[in-house]
Amino acid sequence: MKILVTGGAGFIGSHIVDAYIDMGNEVVVLDNLETGRRRNLNRRATFVNGSVTDAALVERLFADHRFEVINHQAARGNPRRSVVDPVGFFEVNVAGGLCILDAARRHGTRKIIYSSSGGCVYGELLSWPATEEHRLLPVDPYGASKACFETYVRAYGIQYGIDYTILRYANIYGPRQDPNGEAGVISIFAGRMLAGGPVTINGDGEQLRDYVYVADCVRASALALSRGEQVTVNIGTGVGTSVLQIFAALSDITGYDSPPVHGPSKAGEVPRNELDARRAAALLGWEPAVDLQEGLQRTVDYIRATEDGG
(Lines give C-alpha, C1' and ligand atoms only; values in the text may rest on other atoms or scores of the structure.)
Protein backbone atom coordinates (compact mmCIF):
# COMPACT_ATOMS: atom_id res chain seq x y z
CA MET A 1 0.00 0.00 0.00
CA LYS A 2 1.28 3.49 -0.84
CA ILE A 3 0.74 5.92 2.04
CA LEU A 4 1.43 9.63 2.55
CA VAL A 5 2.21 10.68 6.12
CA THR A 6 2.16 14.45 6.52
CA GLY A 7 4.27 15.61 9.45
CA GLY A 8 6.14 12.32 9.25
CA ALA A 9 9.34 13.73 10.77
CA GLY A 10 7.52 14.84 13.91
CA PHE A 11 7.04 13.21 17.27
CA ILE A 12 3.92 11.16 16.48
CA GLY A 13 4.20 11.04 12.71
CA SER A 14 7.67 9.51 12.67
CA HIS A 15 6.52 6.62 14.85
CA ILE A 16 3.59 6.06 12.50
CA VAL A 17 5.96 6.02 9.51
CA ASP A 18 8.10 3.39 11.22
CA ALA A 19 5.06 1.20 11.91
CA TYR A 20 3.67 1.49 8.39
CA ILE A 21 7.01 0.58 6.84
CA ASP A 22 7.43 -2.38 9.19
CA MET A 23 4.00 -3.55 7.97
CA GLY A 24 5.36 -3.64 4.41
CA ASN A 25 3.87 -0.41 3.10
CA GLU A 26 5.52 2.18 0.84
CA VAL A 27 5.57 5.50 2.69
CA VAL A 28 6.17 9.07 1.55
CA VAL A 29 6.76 11.74 4.21
CA LEU A 30 5.82 15.39 3.66
CA ASP A 31 7.29 17.63 6.36
CA ASN A 32 8.73 21.15 6.35
CA LEU A 33 10.89 20.39 9.43
CA GLU A 34 9.50 23.37 11.31
CA THR A 35 9.08 21.14 14.36
CA GLY A 36 10.00 17.77 12.86
CA ARG A 37 13.57 16.49 12.93
CA ARG A 38 15.68 14.80 10.31
CA ARG A 39 16.92 12.29 12.87
CA ASN A 40 13.34 11.03 13.23
CA LEU A 41 13.06 10.18 9.52
CA ASN A 42 12.93 6.54 8.55
CA ARG A 43 15.58 5.89 5.89
CA ARG A 44 13.22 3.55 4.05
CA ALA A 45 10.66 6.34 3.55
CA THR A 46 10.70 8.83 0.69
CA PHE A 47 11.13 12.28 2.21
CA VAL A 48 9.76 15.48 0.65
CA ASN A 49 10.73 18.73 2.38
CA GLY A 50 7.75 21.03 2.06
CA SER A 51 4.53 22.36 3.53
CA VAL A 52 0.95 21.16 3.26
CA THR A 53 0.11 24.75 2.34
CA ASP A 54 2.15 24.55 -0.89
CA ALA A 55 -0.62 23.65 -3.34
CA ALA A 56 1.68 23.17 -6.34
CA LEU A 57 3.96 20.83 -4.41
CA VAL A 58 1.02 18.86 -3.04
CA GLU A 59 -0.44 18.48 -6.53
CA ARG A 60 2.84 17.16 -7.93
CA LEU A 61 3.20 14.79 -5.03
CA PHE A 62 -0.23 13.24 -5.54
CA ALA A 63 0.16 13.08 -9.31
CA ASP A 64 3.49 11.27 -8.96
CA HIS A 65 2.51 8.79 -6.26
CA ARG A 66 -1.25 8.11 -6.41
CA PHE A 67 -1.58 7.49 -2.68
CA GLU A 68 -4.10 4.95 -1.45
CA VAL A 69 -4.14 6.31 2.11
CA ILE A 70 -3.17 9.59 3.79
CA ASN A 71 -2.29 9.82 7.46
CA HIS A 72 -2.57 13.53 8.14
CA GLN A 73 -0.45 14.51 11.14
CA ALA A 74 0.95 17.86 9.99
CA ALA A 75 -0.31 20.79 12.07
CA ARG A 76 0.71 23.71 14.16
CA GLY A 77 0.18 22.25 17.59
CA ASN A 78 0.67 24.72 20.44
CA PRO A 79 -2.65 25.93 21.92
CA ARG A 80 -1.07 28.89 23.73
CA ARG A 81 0.73 30.10 20.64
CA SER A 82 -2.50 29.80 18.67
CA VAL A 83 -4.01 32.51 20.87
CA VAL A 84 -1.51 35.06 19.51
CA ASP A 85 -1.44 33.68 15.93
CA PRO A 86 -4.93 32.38 15.14
CA VAL A 87 -4.64 33.14 11.41
CA GLY A 88 -1.37 31.23 11.11
CA PHE A 89 -2.95 28.21 12.79
CA PHE A 90 -5.95 28.37 10.46
CA GLU A 91 -3.71 28.58 7.40
CA VAL A 92 -1.84 25.38 8.30
CA ASN A 93 -4.39 23.33 10.21
CA VAL A 94 -7.45 24.08 8.10
CA ALA A 95 -6.38 25.53 4.73
CA GLY A 96 -3.30 23.30 4.55
CA GLY A 97 -5.32 20.27 5.51
CA LEU A 98 -7.90 21.15 2.86
CA CYS A 99 -5.11 21.35 0.28
CA ILE A 100 -4.23 17.73 1.11
CA LEU A 101 -7.84 16.61 1.24
CA ASP A 102 -8.75 18.13 -2.10
CA ALA A 103 -5.71 16.59 -3.78
CA ALA A 104 -6.90 13.26 -2.39
CA ARG A 105 -10.27 13.85 -4.03
CA ARG A 106 -8.76 14.67 -7.41
CA HIS A 107 -6.36 11.73 -7.42
CA GLY A 108 -8.58 8.96 -6.13
CA THR A 109 -7.16 8.43 -2.64
CA ARG A 110 -9.20 5.80 -0.84
CA LYS A 111 -8.91 6.96 2.79
CA ILE A 112 -7.66 9.68 5.12
CA ILE A 113 -6.70 9.06 8.75
CA TYR A 114 -6.85 12.38 10.56
CA SER A 115 -5.08 13.24 13.79
CA SER A 116 -7.49 15.37 15.81
CA SER A 117 -7.26 16.46 19.44
CA GLY A 118 -9.51 14.97 22.07
CA GLY A 119 -7.58 17.08 24.53
CA CYS A 120 -8.76 20.33 22.92
CA VAL A 121 -11.90 19.96 20.76
CA TYR A 122 -14.26 19.31 23.70
CA GLY A 123 -13.21 22.29 25.78
CA GLU A 124 -14.32 22.19 29.41
CA LEU A 125 -15.96 18.83 30.00
CA LEU A 126 -19.58 18.61 31.07
CA SER A 127 -19.13 14.92 31.91
CA TRP A 128 -16.16 12.60 32.05
CA PRO A 129 -14.68 10.59 30.58
CA ALA A 130 -15.95 12.35 27.45
CA THR A 131 -17.55 10.27 24.72
CA GLU A 132 -17.47 11.25 21.05
CA GLU A 133 -21.00 12.67 21.44
CA HIS A 134 -19.81 15.32 23.91
CA ARG A 135 -20.41 18.79 22.47
CA LEU A 136 -17.44 20.49 20.81
CA LEU A 137 -16.53 23.84 22.35
CA PRO A 138 -12.77 24.41 22.05
CA VAL A 139 -11.37 27.26 24.11
CA ASP A 140 -8.47 28.26 21.83
CA PRO A 141 -7.85 28.68 18.07
CA TYR A 142 -5.79 25.49 17.94
CA GLY A 143 -8.68 23.39 19.19
CA ALA A 144 -11.06 25.30 16.92
CA SER A 145 -8.87 24.54 13.89
CA LYS A 146 -8.80 20.82 14.70
CA ALA A 147 -12.58 20.69 15.17
CA CYS A 148 -13.11 22.70 11.99
CA PHE A 149 -11.04 20.39 9.84
CA GLU A 150 -12.92 17.38 11.19
CA THR A 151 -16.04 18.81 9.52
CA TYR A 152 -14.22 19.05 6.18
CA VAL A 153 -13.10 15.43 6.44
CA ARG A 154 -16.68 14.30 7.06
CA ALA A 155 -18.04 16.51 4.28
CA TYR A 156 -15.58 15.03 1.78
CA GLY A 157 -16.65 11.60 2.92
CA ILE A 158 -20.28 12.44 2.14
CA GLN A 159 -19.72 14.35 -1.12
CA TYR A 160 -16.83 12.44 -2.69
CA GLY A 161 -16.86 9.03 -1.03
CA ILE A 162 -13.47 9.35 0.65
CA ASP A 163 -13.30 6.96 3.58
CA TYR A 164 -11.95 8.37 6.82
CA THR A 165 -11.07 7.60 10.42
CA ILE A 166 -10.76 10.60 12.74
CA LEU A 167 -8.64 9.85 15.80
CA ARG A 168 -9.19 12.21 18.71
CA TYR A 169 -6.02 11.73 20.72
CA ALA A 170 -5.68 12.41 24.43
CA ASN A 171 -2.39 13.87 25.76
CA ILE A 172 0.30 11.90 23.94
CA TYR A 173 3.76 11.39 25.40
CA GLY A 174 6.79 9.23 24.77
CA PRO A 175 10.13 9.00 22.93
CA ARG A 176 10.97 11.71 20.35
CA GLN A 177 8.87 14.35 22.08
CA ASP A 178 11.28 17.25 22.45
CA PRO A 179 11.87 18.13 26.13
CA ASN A 180 13.51 21.41 25.11
CA GLY A 181 10.68 22.65 22.91
CA GLU A 182 6.98 23.18 23.43
CA ALA A 183 6.31 19.56 24.25
CA GLY A 184 3.88 18.02 26.67
CA VAL A 185 4.38 18.28 30.39
CA ILE A 186 5.91 14.80 30.75
CA SER A 187 8.82 15.41 28.37
CA ILE A 188 9.40 18.91 29.68
CA PHE A 189 9.47 17.77 33.31
CA ALA A 190 11.67 14.76 32.55
CA GLY A 191 14.14 16.85 30.57
CA ARG A 192 14.47 19.45 33.29
CA MET A 193 14.76 16.86 36.04
CA LEU A 194 17.52 15.01 34.22
CA ALA A 195 19.34 18.32 33.75
CA GLY A 196 18.92 19.18 37.43
CA GLY A 197 17.00 22.34 36.66
CA PRO A 198 13.87 23.83 38.20
CA VAL A 199 10.47 22.40 37.28
CA THR A 200 7.55 24.82 37.04
CA ILE A 201 3.94 23.76 37.51
CA ASN A 202 1.33 26.15 36.23
CA GLY A 203 -1.27 26.72 38.93
CA ASP A 204 -1.88 24.27 41.75
CA GLY A 205 -1.09 21.16 39.68
CA GLU A 206 -4.45 19.54 40.35
CA GLN A 207 -5.56 19.75 36.72
CA LEU A 208 -6.27 16.27 35.33
CA ARG A 209 -5.20 14.96 31.93
CA ASP A 210 -5.57 11.67 30.11
CA TYR A 211 -2.04 10.56 29.16
CA VAL A 212 -1.67 7.98 26.39
CA TYR A 213 1.64 6.50 25.27
CA VAL A 214 2.73 7.19 21.71
CA ALA A 215 3.06 3.52 20.73
CA ASP A 216 -0.60 3.00 21.62
CA CYS A 217 -1.58 5.91 19.37
CA VAL A 218 0.52 4.45 16.55
CA ARG A 219 -1.33 1.15 16.90
CA ALA A 220 -4.61 3.02 16.39
CA SER A 221 -3.25 4.46 13.13
CA ALA A 222 -2.18 0.98 12.04
CA LEU A 223 -5.60 -0.51 12.78
CA ALA A 224 -7.30 2.36 10.94
CA LEU A 225 -5.70 1.28 7.66
CA SER A 226 -8.30 -1.48 7.38
CA ARG A 227 -10.94 -0.65 10.02
CA GLY A 228 -13.08 2.23 11.23
CA GLU A 229 -14.91 3.32 8.09
CA GLN A 230 -16.19 6.91 8.32
CA VAL A 231 -15.96 7.09 12.11
CA THR A 232 -14.62 9.41 14.78
CA VAL A 233 -13.07 7.75 17.83
CA ASN A 234 -11.36 8.84 21.02
CA ILE A 235 -7.89 7.44 21.70
CA GLY A 236 -7.20 7.64 25.42
CA THR A 237 -7.19 5.72 28.67
CA GLY A 238 -10.26 7.22 30.36
CA VAL A 239 -8.14 7.90 33.44
CA GLY A 240 -7.20 11.38 34.65
CA THR A 241 -3.78 11.98 36.22
CA SER A 242 -2.88 15.27 37.88
CA VAL A 243 0.21 17.28 37.05
CA LEU A 244 1.31 16.83 40.66
CA GLN A 245 1.08 13.05 40.25
CA ILE A 246 3.17 13.26 37.07
CA PHE A 247 5.76 15.35 38.92
CA ALA A 248 5.95 12.82 41.77
CA ALA A 249 6.24 9.80 39.47
CA LEU A 250 8.96 11.39 37.34
CA SER A 251 10.84 12.51 40.46
CA ASP A 252 10.98 8.89 41.61
CA ILE A 253 12.18 7.64 38.22
CA THR A 254 14.84 10.32 37.71
CA GLY A 255 15.96 10.71 41.33
CA TYR A 256 15.00 14.39 41.30
CA ASP A 257 14.79 15.74 44.86
CA SER A 258 13.78 19.40 44.48
CA PRO A 259 10.24 20.69 45.03
CA PRO A 260 8.32 22.14 42.09
CA VAL A 261 8.05 25.86 41.45
CA HIS A 262 4.43 26.96 41.14
CA GLY A 263 3.72 29.61 38.53
CA PRO A 264 0.44 31.32 37.65
CA SER A 265 -2.36 29.33 36.06
CA LYS A 266 -2.59 29.55 32.29
CA ALA A 267 -5.60 31.46 30.98
CA GLY A 268 -8.22 29.23 29.41
CA GLU A 269 -6.75 25.96 30.71
CA VAL A 270 -9.50 23.43 31.37
CA PRO A 271 -9.45 21.69 34.78
CA ARG A 272 -9.77 18.13 33.50
CA ASN A 273 -9.82 16.02 30.37
CA GLU A 274 -10.39 12.29 30.13
CA LEU A 275 -11.56 10.40 27.05
CA ASP A 276 -13.91 7.43 26.81
CA ALA A 277 -12.34 5.09 24.22
CA ARG A 278 -14.94 2.31 24.18
CA ARG A 279 -15.91 3.15 20.59
CA ALA A 280 -12.30 2.64 19.50
CA ALA A 281 -12.37 -0.78 21.18
CA ALA A 282 -15.58 -1.73 19.39
CA LEU A 283 -14.76 -0.38 15.91
CA LEU A 284 -10.97 -0.59 15.70
CA GLY A 285 -10.20 -3.32 18.20
CA TRP A 286 -8.01 -0.80 20.02
CA GLU A 287 -7.24 -0.53 23.72
CA PRO A 288 -4.29 1.12 25.50
CA ALA A 289 -1.55 -1.41 26.26
CA VAL A 290 1.21 0.64 27.97
CA ASP A 291 0.41 1.79 31.49
CA LEU A 292 1.54 5.18 32.72
CA GLN A 293 4.40 3.99 34.92
CA GLU A 294 5.94 1.93 32.13
CA GLY A 295 5.45 4.74 29.63
CA LEU A 296 7.10 7.27 31.94
CA GLN A 297 10.09 4.98 32.42
CA ARG A 298 10.49 4.47 28.65
CA THR A 299 10.26 8.23 28.09
CA VAL A 300 12.89 9.03 30.70
CA ASP A 301 15.19 6.31 29.33
CA TYR A 302 14.89 7.80 25.83
CA ILE A 303 15.57 11.37 26.95
CA ARG A 304 18.53 10.25 29.04
CA ALA A 305 20.01 8.32 26.11
CA THR A 306 19.40 11.20 23.69
CA GLU A 307 20.93 13.80 25.99
CA ASP A 308 23.93 11.51 26.43
CA GLY A 309 24.32 11.31 22.67
CA GLY A 310 22.66 7.94 22.29
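The values are calculated or read from the model by the stated rules, or taken from the named source; none is laboratory data. Keep in mind that what you see is a predicted model, and the values were worked out from it rather than measured. Note that each Cβ is placed from the backbone with ideal geometry, even for glycine, and that neighbours are counted across all protein chains shown.
Where the second residue is surrounded by fewer than 22 Cβ atoms within 10 Å (Cβ to Cβ) and in a helix (DSSP H, G or I) and the first is modelled with pLDDT under 95 and lies in region 154-179, which pairs have Cβ atoms under 6 Å and are six or more apart or on separate chains?
P179/I188
Got a number for residues in region 112-125 being out of contact with any helix residue (DSSP H, G or I) (no Cβ under 9 Å at 6 or more places or on another chain) and not acidic (D, E)?
2
Please find, among A267, A248, A289, the residue that is over 27 Å from Y142 (Cα atoms), more than 19 Å from the chain's Cα centre (by Cα) and among the small types (G, A, S).
A248
Out of T254, T232, which single residue is buried (at least 17 other Cβ atoms within 10 Å of the Cβ), of a type in the set (V, I, T) and under 17 Å from the mean Cα position of the chain (by Cα)?
T232
When region 253-310 is examined, which residues are found to be farther than 24 Å from S221 by Cα and among the acidic types (D, E)?
Within region 253-310, D257, E269, D301, E307, D308 qualify.
Could you name every one of the helices (runs of 4 or more DSSP H) located completely within region 1-114 that has at least 3 residues being under 16 Å from the mean Cα position of the chain (by Cα) and within 28 Å of G161 (Cα to Cα)?
Once the helices (runs of 4 or more DSSP H) in region 1-114 are filtered for at least 3 residues that are under 16 Å from the mean Cα position of the chain (by Cα) and within 28 Å of G161 (Cα to Cα), what remains is 11-22.
Does R168 meet the test of being in the same structural domain as N40 (by TED's automatic domain parsing) and touching a Ser or Thr at 6+ places or on another chain (Cβ under 6 Å)?
When the stated conditions are applied, R168 passes them.
Go through region 16-33 and give me each residue that's farther than 25 Å from A63 by Cβ and touching a Ser or Thr at 6+ places or on another chain (Cβ under 9 Å).
If the condition is that a residue be farther than 25 Å from A63 by Cβ and touching a Ser or Thr at 6+ places or on another chain (Cβ under 9 Å), then A19 is the only one that fits.
Of these, A55, A75, which one is over 25 Å from N171 (Cβ atoms), modelled with pLDDT of 95 or more and touching a helix residue (DSSP H, G or I) at 6+ places or on another chain (Cβ under 7 Å)?
Matching residue, one of A55, A75: A55.
Among the small types (G, A, S) and surrounded by 16 or more Cβ atoms within 10 Å (Cβ to Cβ): does that describe G88?
When the stated conditions are applied, G88 does not pass them.
Name the one entry in I188, I201, I246 that is without any contact (Cβ under 8 Å) to a residue 40 or more places away in the chain, outside the structural domain of V84 (by TED's automatic domain parsing) and hydrophobic (A, V, I, L, M, F, W, C).
Only one candidate passes the filter, namely I188.
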